[in-house]
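Take a look at the structure set out below.
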């Protein structure tokens with residue numbers, strides 16, 4: 001009768017290379033997922049700070065109210081805040097000016113799609129309005145958002161390509177590689193994958209935990225569906241590598 005220790009030796013026999021290959025794979029995948037998540041969080045932070053400012057000139061109180069409602073109804077607008085001329089003068093420390101002579105000011109919070117292309121949004125939405133309005137926004141913020149969004153999209157494409165390559169590899173090994181691998185060998189590959197994932201997950205946890213305590217609202221979710229998908233991919237790869245063994 002095979003003891004527990006002997007059974008463990010049977011399972012892990014010849015699986016060291018599988019383990020180190022999987023550990024490298026999972027560490028790289030965890031790094032890619034972490035960077036992609038942080039870039040998405042960076043977009044959220046920029047979007048919270050990004051505002052479109054609109055000044056309305058030569059308008060009565062009724063026209064200003066209609067204009068504000070029109071702004072709030074535009075696609076991509078999350079919130080419209082009116083800044084009174086008196087408050088603008090007070091914030092500037094200006095004295096001796098009449099607030100009635102100043103234009104009406106509005107601060108617009110927009111969604112990410114608008115932030116990534118504010119010039120086109122202004123041309124399509126603000127410019128056609130009949131009122132005399134001027135629009136201002138931080139162009140540098142918009143450029144930074146576009147750059148981060150481009151990096152995030154590139155990361156998504158690379159992750160999708162890597163997943164497709166991994167699934168293709170598994171399919172061809174399972175379908176065309178005829179070497180017989182018994183259940184114990186394949187179980188060893190699965191366990192090697194499980195340990196590799198646990199080590200990579202633990203390393204990421206200890207590296208991100210301090211930052212999560214400082215910014216809890218932007219904590220990295222280590223229990224997301226992406227982590228579950230990565231675990232499933234690692235287990236399937238371990239199952240396949242235990243049969244392939246061409247390394």
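The values are calculated or read from the model by the stated rules, or taken from the named source; none is laboratory data. It should be emphasised that the depicted structure is a prediction, and the values quoted were computed from it without experimental measurement. Backbone-built Cβ (ideal geometry, glycine too); neighbour counts: all protein chains shown.
Quick notes on this one:
- Test: residue in the range 211-224 that is closer than 16 Å to residue 23 by Cα and without any contact (Cβ under 8 Å) to a residue 24 or more places away in the chain: no
- Conditions (1) part of a loop (DSSP other than H, G, I, E, B); (2) out of contact with any helix residue (DSSP H, G or I) (no Cβ under 7 Å at 6 or more places or on another chain); (3) at pLDDT below 90: number failed by residue 90: (1)
- Evaluation of residue 175 against (1) closer than 22 Å to residue 246 by Cβ; (2) surrounded by 14 or more Cβ atoms within 10 Å (Cβ to Cβ) (one fails), failing number: (2)
- Condition check for residue 159: part of a helix (DSSP H, G or I), farther than 30 Å from residue 119 by Cα and either assigned by TED's automatic domain parsing to the domain that holds residue 34 or in contact (Cβ under 8 Å) with a residue 12 or more places away in the chain (or both): yes
- Qualifying positions in the range 17-35 - over 12 Å from residue 233 (Cα atoms) and over 19 Å from the mean Cα position of the chain (by Cα): 17, 18, 19, 20, 21, 23, 24
- Qualifying residue in the range 197-211 (condition: exposed (fewer than 12 other Cβ atoms within 10 Å of the Cβ) and at pLDDT below 85): yes
- If you go through the range 120-142 and keep only what is without any contact (Cβ under 8 Å) to a residue 12 or more places away in the chain and surrounded by 11 or more Cβ atoms within 10 Å (Cβ to Cβ), you end up with 123, 124.
- Checked against (1) under 30 Å from residue 237 (Cα atoms); (2) within 15 Å of the chain's Cα centre (by Cα), residue 166 meets all criteria but (2).
- Filter result for the condition that a residue is assigned by TED's automatic domain parsing to the domain that holds residue 237, in contact (Cβ under 8 Å) with a residue 40 or more places away in the chain, buried (at least 16 other Cβ atoms within 10 Å of the Cβ) and closer than 28 Å to residue 113 by Cβ, over 36, 30: 36
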